[in-house]
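Student: One structure, as C-alpha cells, below. Some questions next.
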Amino acid sequence: MSPEAPVPVVRLKRDTYAPGGAANVAANVVGLGAEAFVVGYVGDDAESELLRQAFQNSGISADHLISGTAYPTAVKTRIIAHSQQVVRVDKEPYEGLGERHEDESIAALKALLPMAGSVVI
C-alpha cells in the first residue's frame with residue numbers, strides 16, 4: 001500500500017503499445033488481403049508517431065491521418081496487476097474534435113471514396 005493514500009502500489013515491469021479500435025479493424029482488413037486506409041485526427045506527439053509506425057508495420061496506409069497540436073492522440077493506458085486490470089487512464093480530447101478538424105477528416109475520407117470497395121466508420 002502507498003504511504004500517501006490507501007491505494008495499492010503497482011511496480012512497472014514493462015510497457016506495451018498496441019493500437020486499438022479502428023486500427024484493429026484496419027489490420028483485419030489487411031489480413032484479409034485488402035488495402036486499408038485510416039482517416040482521422042491525431043496529435044502532434046510521440047504517441048502519434050508510435051501509431052504511424054504500427055500502421056506502417058501492419059501495411060496500413062496512414063497517409064490520411066491529420067496531425068495537429070489542438071488535441072492529443074487518444075491513448076488508453078491500462079494498469080494491470082496480477083493479470084487483472086486495476087484501472088484505465090484515458091488521455092483524449094474530452095469535448096470531441098472541433099468543426100474544422102471534423103471537416104478536414106471528412107474531406108480526406110471523401111477523397112478516398114472513389115478508391116474504396118467498402119468503408120468502415
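Student: Only one of 42, 25 is of a type in the set (A, V, I, L, M) and under 17 Å from residue 120 (Cβ atoms); which?
Tutor: One residue alone meets the criteria, 25.
Student: Can you tell me which residue in segment 69-85 is farthest from residue 95 (Cα to Cα), limited to those that are surrounded by 13 or more Cβ atoms within 10 Å (Cβ to Cβ) and hydroxyl-bearing (Ser, Thr, Tyr)?
Tutor: Per the criteria, the residue is 73.
Student: How many residues does segment 40-53 hold that are over 10 Å from the mean Cα position of the chain (by Cα) and either in a helix (DSSP H, G or I) or without any contact (Cβ under 8 Å) to a residue 12 or more places away in the chain (or both)?
Tutor: Qualifying residue count, segment 40-53: 3.
Student: Sticking with this structure for a sec: Could you check how many residues of segment 1-39 are in a loop (DSSP other than H, G, I, E, B), β-branched (Val, Ile, Thr) and surrounded by 10 or more Cβ atoms within 10 Å (Cβ to Cβ)?
Tutor: Count: 2.
Since every read-out is calculated from the coordinates, none of them should be taken as a lab result. Bear in mind the structure is a predicted one, so any value in this text is a computation, not a measurement. Virtual Cβ from ideal backbone geometry, glycine too; neighbours counted across all protein chains shown.
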